[in-house]
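The values are calculated or read from the model by the stated rules, or taken from the named source; none is laboratory data. Keep in mind it's a predicted model, so treat the numbers as computed, not measured. With ideal geometry, Cβ positions are generated from the backbone for all residues, glycine too; neighbour counts draw on all protein chains shown.
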Amino acid sequence: MRLNKILKIGNIGISIALIFLVSCKTEITTSLPKKQLVDKVYPLLDTENSRWFFFSSASRPFGMMNLSPDTGINGDWGGGYKYTTDTIKGFSHIHEWQMSGLSVMPVTISEESNKNIFKDFYSKFSHETEKISPGYHSLLLDRYQINTELTSTKRVGFHRYTFPENTQKAILFNLNTILGPCDNTNGTLEKNNDYELSGTLVMSPNFRRPKPLKVFFMIKTNAPIASIKQDAVTGNYLVNLGKFDKKVLMKVGISYTSVENATINIQEELPHWDFDKVVAESRTEWNNLLGRIKVEGGTETDQRRFYTDLWHALQGRKMISDANGAYPDNTGKNFRIGQLPLDENGKPKFNQYNSDSFWGAQWTINSLWGLVYPEIMEEFVHSLMQYYKDGGMIPRGPSGGNYTFVMTGASTTPFIVSAIQKGLVKEDLESIYAALKKNHMLNGIMGKAGYEHNTNSGGGLKYYMEKGFVPYPIPEGEFGSHQDGASQTLEYAYQDWTLAQLAKKLNYEADYNYFMARSKNYKNIFDKTTGWMRPKNADGKWFENFDPYQYENGFVESNGAQSTWFVPQDIDGLAELMGGKEKAVAKLNAQFEAAQKLKFTSGTSHDAELHPELSRIPINFGNQPSIQTSYIFNLLGRPDLTQYWTRNVVKETFSGLSPSTGYNGDEDQGLMGSLNVLFKIGLFQMNGGTSENPEYQIGSPIFNKVSIQLNPKYYPGKKLVIKASNNSPENVYVNTINFNKKTVKNLSISHRDITNGGELILEMSNKPTK
């Protein structure tokens with residue numbers, strides 16, 4: 001999601017269960033146990049194009065604690081860990097959507113260095129002495145010769161420092177500084193006893209997160225605290241540990257509600273001092289989650305990239321609630337501490353989450369989480385509904401317990417409807433429907449443009465309801481960002497269709513008919529004279545001098561050529577507007593042929609989309625608006641082209657292992673990672689899994705065998721196995737399909753059938769079949 005143009009999710013629920021670890025640098029040799037799936041993960045993927053919340057190392061799946069080194073601190077893009085920067089500026093504990101905080105730095109001090117330590121403490125480091133795996137990060141600070149090791153539980157960071165012998169050991173707490181997307185201010189630190197510190201800091205508001213949020217923390221060390229010194233200029237603190245002659249261990253518990261709850265988080269999650277045990281537990285947790293999907297075949301690089309993609313699909317979207325269920329609620333006029341409902345054992349029934357937008361989730365985490373990690377999807381629905389109970393709206397990207405209105409539309413509607421249609425959420429459906437419907441009406445979230453905090457005009461919803469389209473430009477002026485009427489019209493129409501499916505399920509016939517009628521609004525902006533979706537002004541006149549390849553001229557983070565295909569609810573209707581399926585196939589195929597010359601993306605980074613030549617690409621797999629396009633051929637009667645082009649996109653765009661590339665644009669907290677997983681196993685849901693008994697379109701898996709472990713709490717089947725006979729880089733075409741020894745003819749299979757388990761056998765060939 002474009003950040004250049006605008007000023008320019010203790011325990012993930014007991015059900016989330018366990019996961020595991022990985023390797024960094026190309027290959028890492030550690031003293032950890034024998035190689036497992038977690039060791040295939042390559043954490044450095046695309047870290048040259050870093051973003052504050054992109055890189056994750058010493059973290060648990062969806063954990064509140066996001067501990068990792070920072071080589072860049074001033075700015076969201078390029079902030080956090082960036083591979084090409086050789087200087088460590090601290091180790092901070094919060095790397096999340098519009099949130100940051102609590103940077104620390106182990107140092108050695110002398111009488112001379114102590115004078116400038118608050119402004120001169122950065123250290124060079126080398127990737128040669130660095131080890132990274134999911135849940136673990138270590139590196140050597142060259143300046144101090146301190147070996148730093150990091151790991152964590154869900155809410156507690158755990159540090160282990162090996163200092164040189166006979167040195168004065170200290171830890172700098174850089175509490176007042178800018179980290180990534182926001183300033184940290186009002187930082188305080190106090191000594192409770194010889195082995196304990198506590199404090200707070202405030203994450204200042206920014207353009208996207210309009211209210212401040214306080215961070216509370218509790219620090220416990222195994223080394224006695226000799227003294228604390230506060231710098232009068234910066235307000236930061238130096239904690240002197242003297243000449244303690246053992247490895248220094250430090251626990252850091254955080255909370256967004258109180259120091260007491262930060263302490264409880266430590267007591268609940270890390271009551272001991274066994275660093276290696278925590279690393280092993282983190283490795284197991286990551287390994288178990290990654291192990292839900294086992295692949296066979298392909299190259300070693302293919303498998304490593306696959307598990308790196310899957311790792312990305314399971315990070316980001318961090319929890320903000322404490323182990324006891326307390327959480328920050330910033331949705332109202334005044335800040336309050338909320339309390340999540342507890343089960344019979346006194347544990348929270350779910351966690352409350354922070355999250356970037358669900359914009360594009362219909363083609364990514366909807367399908368992956370819904371099939372492989374249903375407990376995660378269910379928990380997120382409960383979290384989203386908690387925001388509604390608190391603030392009156394289901395968010396599309398909450399930060400710090402508050403709405404950010406990131407991106408456009410009601411992007412969580414397809415996510416929630418998909419969870420209901422797949423049977424993951426079964427209770428209070430009428431209440432959920434009422435909340436979703438509110439979002440789709442005036443003064444709901446659909447009527448807000450990007451970051452439109454105080455008004456309800458930038459989304460253009462009144463025009464959409466009255467005239468059947470959102471005008472471009474909005475006559476009343478600029479109220480936020482992404483006020484691109486053509487894209488907004490397309491997005492609202494799809495989201496209305498998904499809400500209509502839930503209305504139908506609940507027998508709300510009038511609502512079903514109403515939202516189905518609105519879902520046809522996409523037709524109002526299709527210009528048959530040009531063959532493209534085209535913006536209109538408020539008077540209904542076509543946007544003049546229209547260029548379908550011009551970036552963001554009425555289209556959100558895309559151009560008209562890319563967004564013309566954003567009609568996932570009615571591909572047949574779109575094809576009819578284009579003159580029939582054959583013409584639609586020819587048009588889309590020509591776009592792929594042109595896009596292939598640029599490897600299907602607008603460069604290798606998000607900001608490259610702004611480049612005049614790169615932005616004119618007709619299909620872009622570096623951002624969400626057109627990532628579904630290769631599967632459109634399936635619905636147009638040309639599955640061979642879905643198979644051919646999807647394989648080519650994977651090969652050209654999503655195959656390598658390198659810090660310099662990987663997602664080639666906007667990996668919004670697991671969306672592109674999830675897309676890649678789906679492409680590589682050969683399953684996709686065009687409408688986001690929102691129809692009754694949702695269907696999966698069958699593609700061309702790159703592996704010979706894919707085994708998906710199904711969660712028995714949700715699904716009756718034990719395992720889904722996809723076998724691709726005669727598979728190879730050349731044999732990309734599916735000639736025959738059998739599921740549980742029955743022929744499948746229409747290149748789709750229902751969610752009910754898949755989750756009953758069995759074998760899906762694809763016979764592959766180098767020639768398409770008719």
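General observations
- Positions within the range 747-767 being of a type in the set (S, T, N, Q) and either assigned to a strand (DSSP E or B) or closer than 11 Å to GLU695 by Cα (or both), in sequence order: SER748, SER750, SER765
- Identity of the residue in the range 515-530, of a type in the set (Ser, Thr, Tyr) and in contact with a helix residue (DSSP H, G or I) (Cβ under 6 Å, 6 or more places away or on another chain), that ends up surrounded by the most Cβ atoms within 10 Å (Cβ to Cβ): TYR522
- Taken as a whole, the range 185-193 holds at least one residue that is surrounded by 18 or more Cβ atoms within 10 Å (Cβ to Cβ) and not hydroxyl-bearing (Ser, Thr, Tyr).
- Answer from PHE703, PHE679 - the residue that is within 19 Å of the chain's Cα centre (by Cα), within 14 Å of ASP302 (Cα to Cα) and not aliphatic (A, V, I, L, M): PHE679
- Of the helices (runs of 4 or more DSSP H) contained entirely in the range 402-489, those carrying at least 1 residues that are basic (Lys, Arg) and under 19 Å from THR331 (Cβ atoms) fall at 429-439.
- Among the residues of the range 436-486, those that are over 24 Å from the mean Cα position of the chain (by Cα) and β-branched (Val, Ile, Thr) comprise THR455, VAL470, ILE474.
- The set of residues in the range 69-93 being among the acidic types (Asp, Glu) and surrounded by fewer than 18 Cβ atoms within 10 Å (Cβ to Cβ) consists of ASP86 alone.
- Qualifying residue in the range 90-102 (condition: more than 30 Å from SER357 (Cβ to Cβ) and part of a strand (DSSP E or B)): no
- Residue count for the range 439-497, restricted to those that are surrounded by fewer than 20 Cβ atoms within 10 Å (Cβ to Cβ) and under 14 Å from ALA410 (Cβ atoms): 5.
- Unmet requirement for GLN36, which otherwise passes all of (1) out of contact with any helix residue (DSSP H, G or I) (no Cβ under 7 Å at 6 or more places or on another chain); (2) surrounded by fewer than 24 Cβ atoms within 10 Å (Cβ to Cβ); (3) not β-branched (Val, Ile, Thr): (1)
- Of all residues in the range 212-254, those satisfying the criterion of being assigned to a strand (DSSP E or B) and of a type in the set (Gly, Ala, Ser) are SER227, GLY242, GLY253.
- Answer from LEU139, LEU172, LEU201 - the residue that is within 30 Å of ASN287 (Cα to Cα) and either assigned to a strand (DSSP E or B) or among the hydroxyl-bearing types (Ser, Thr, Tyr) (or both): LEU139
- No other residue among ASN147, ASN184 is within 28 Å of SER658 (Cβ to Cβ) and not β-branched (Val, Ile, Thr) apart from ASN147.
- The residue pairs whose first member lies in the range 607-626 and is of a type in the set (D, E, K, R), whose second member is in a helix (DSSP H, G or I) and modelled with pLDDT of 85 or more, and whose beta carbons are closer than 6 Å, counting only pairs six or more residues apart or on different chains, are GLU609/SER615.
- Here PRO210 clears all of (1) surrounded by fewer than 19 Cβ atoms within 10 Å (Cβ to Cβ); (2) closer than 24 Å to LEU150 by Cα except the condition numbered (2).
- Within the range 329-366, being of a type in the set (Gly, Ala, Ser) and farther than 15 Å from ASP668 by Cβ holds for GLY332, GLY338, GLY346.
- If you check PHE217, PHE158, PHE207 for being of a type in the set (A, V, I, L, M, F, W, C), modelled with pLDDT under 95 and under 30 Å from THR257 (Cβ atoms), only one passes: PHE207.
- For TYR714, the conditions (1) out of contact with any helix residue (DSSP H, G or I) (no Cβ under 7 Å at 6 or more places or on another chain); (2) within 27 Å of TYR373 (Cβ to Cβ) are fulfilled apart from (1).
- Pair list, Cβ < 6 Å and 6+ apart or interchain, from the range 175-195 residues that are more than 27 Å from ALA226 (Cβ to Cβ) to residues that are surrounded by 15 or more Cβ atoms within 10 Å (Cβ to Cβ) and among the β-branched types (Val, Ile, Thr): LEU179/ILE73; THR185/VAL202
- Residue ID - farthest from the chain's Cα centre (by Cα), chosen from residues in the range 103-128 that are assigned to a loop (DSSP other than H, G, I, E, B) and among the small types (Gly, Ala, Ser): SER110
- Considering the range 330-367, and only residues there that are part of a loop (DSSP other than H, G, I, E, B) and of a type in the set (D, E, K, R), the residue that is farthest from SER674 (Cα to Cα) turns out to be LYS333.
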